[in-house]
Structures are given as structure tokens and as C-alpha cells.
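The next block holds one structure in the form of C-alpha cells; read it before the comments.
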Amino acid sequence: MPPTRRTLLTLGAGSALALGISATTGNALATRPTRPLPTADAPTEPFAVGLREFHFSRGDRALVTRVWYPAQGSPGGDPVRDAPVADGSFPVVEWSHGLYGTPEVYLAEILPLAEAGFVVPAPVFPTTSEGTEGNIQDVYNGNQSMDVSEVITRTLALNDTSGDPFAGRLAVAAGVGVAGHSLGGMTTHGLLTAWPDSRIRAAAPFACVDMGDPTGEVAANTLFVHGDQDPVCQYSLARQAYSELAAPKAFLTHVGQGHDEYVWGNGVTYPQTRATFVDWMRWSLYADTAARDRLADDAASDGTTWEADLG
């Protein structure tokens, strides 16, 4: 991605999770490679949730990764560390935290995915998580997008690791999903554009800005989620990113909202975020057409608008 495309926005004192970039105009839509939809049956009942922790790395970059997953037991309650994995084969959806965040900050997004039948690895980025110096250049130079690709590789490898609890439990053929908020949303969009990962079948950048031109290497169903009054990651730049991607794609706008109100479980329009996000992944990675058909209703509310081109 050429350096002229990117311009740092000023971070306000209260902007703990965000940064942005400007974008050029006039980019043509990328032509996506085609990929057959998966055929696994989507779960019909929620799961209990387990939690494991891994110490991955990419070169000298330590990638502590916590993985939430469908577990045996009764649904509801807190995740259980190292709980037995539920019966079945489950797609992987990675989650990327925002600046000075941790995976735990985003349990309102992570836990509904695990309960719905997804394995959710969430790395703690080594230079932008809580307690670090907050090196935001690691999103611009691709380090974080490449970190995510490494986490995906390491997670999928567990499917073939003899004796590991995830062996034979990951729906590798379905492709993978990626998602994240703010800096994590930018990291996610980078995986579709400047640092493409062709394994990605579904993406959901929250409060992102345009990280580059689509190359056509990634065949992802992409859901954008954004507040139209975001003071940190400009709404117009997310709209630019949306316009550049080929269908299937959709845009959930939280009207009158800023950077993150709709992300938290107590947000007025959080129910729309949760339902749309989970059903987007169910459709994309389980070929759940009923979930696809629910999307417009998921998003329908005073306070949100829905735009979609499902191809």
C-alpha cells in the first residue's frame, strides 16, 4: 500500500481504543475469486464456553492468544478454563482488540460467537495492548495483520495435532473469519487489502478506516459496523472501504453514535450488533441461509440502518 494513501489522525486524550487514516478516491471494485460455500450444519442450540491460552509467536513478536470455544456442559455462566470441547466441528473466527485493549474487553462480541458454535482465538498484540507503549505504526506497517495470519495458522494446525483437544474439531475447510474493533478493525481490513490472507471467508471490521485497495485475493463476505458520528475513525473512510469491496457485503450504521457505544453489552443498540455479527458468521461459515435471511431484521431498529449487497 503506497505511503501516500495513509495519514495519521490525531488521537484525543480520551481515545483509548482508536486511530484512523485517510484514503484516496476512485478505487475500482476488486474481482473476488469464487469459493464454494461450506456445507456443515449450523448448531441449533447454544453451547457452554471453554477457554484455553496459548503462547504463539511470530519471530520475536510474542502472541499470547486466548481461545474461547464451544464446550461440553450447560450453556450460560462464565467460560471454564480447559473445559472439554463440545462434540462437532467448528469454524474459526479470530478477534482483534483495539488500542490499549485486551481480548477480555470484547467479551460482548467473543462470547456470543463461541456460544453459537465458533472457535475464537484472540491475540494480545505485543505493542498495542494494555500496558504497552501503544505503537500504532504496527497497524500501518502490517505487523498486526501478519500477527493475525500467524495466529490463524497456529490455531488451524491444532486440528492435526495428535492429542490436542482441538484435533479433528476445527472446520478447516470452511475457511476462517476475522473481526475486530478500531485498531483491530483496521487490522481486519488490512487482511482483506494490503496484507491479504486468502483463507478468510468472512470479515467484520468494526469502526475501521480504509487500509488499502482490495487485490482480489480474498473471497470474504464483509460486514462493516460503525457509528456515523465517530470522532476518531471517520465514518466516511469506512464508507470508502465499503465501496471498494465486491459483494457480498453489508454496512450496519449506528445512527448518532460515536466510536464504541454499540460494542458494549449495555449499549442501546448493542442487540443489533450482536445479532447481526453472529448471523453474518453463521451464514458465511456454516452456509446458514436462515441466518442470512434474518440479517435485515437483526439490524432493524430505531437507531440503526442497514445496507447490504449479498450478491
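The values are calculated or read from the model by the stated rules, or taken from the named source; none is laboratory data. Computed from a predicted model, the values in this text were never measured in an experiment. Cβ sites come from the backbone with ideal geometry, for glycine too, and all protein chains shown count toward neighbours. The accessibility values were calculated without ligands, DNA or RNA, using every heavy atom of the protein model including side chains. Shrake-Rupley method; radii C 1.70, N 1.55, O 1.52, S 1.80 Å.
If the condition is being in a loop (DSSP other than H, G, I, E, B) and either among the aliphatic types (A, V, I, L, M) or open to solvent by less than 20 Å² (accessible area, probe 1.4 Å) (or both), then segment 158-176 contributes Phe166, Ala167, Ala171, Gly175.
I'd like to check which helices (runs of 4 or more DSSP H) are fully inside segment 218-311 and have at least 3 residues that are within 17 Å of the chain's Cα centre (by Cα) and modelled with pLDDT of 95 or more. If you could, list the steps in order and put the result at the bottom.
On the way: elements: 235-244, 270-286, 289-299.
Qualifying helices (runs of 4 or more DSSP H): 235-244, 270-286.
Which ones in segment 177-198 are assigned to a loop (DSSP other than H, G, I, E, B) and in contact (Cβ under 8 Å) with a residue 40 or more places away in the chain? Can you show your working first?
Just the residues of segment 177-198 that are assigned to a loop (DSSP other than H, G, I, E, B), to begin with: 182, 191-198.
Across segment 177-198, the qualifying residues are Ser182, Leu191, Leu192, Thr193, Ala194, Trp195, Asp197, Ser198.
Considering segment 206-235, the residues that are in contact with a strand residue (DSSP E or B) (Cβ under 6 Å, 6 or more places away or on another chain) and among the small types (Gly, Ala, Ser) include one that is surrounded by the most Cβ atoms within 10 Å (Cβ to Cβ), namely Ala207.
Taking every residue in segment 41-65 that is at positive phi and crowded, with 18+ Cβ neighbours inside 10 Å and pairing it with any residue that is of a type outside the set (Ser, Thr, Tyr) and part of a loop (DSSP other than H, G, I, E, B), at least 6 positions away or on another chain, yields no pair with a Cβ-Cβ distance below 8 Å.
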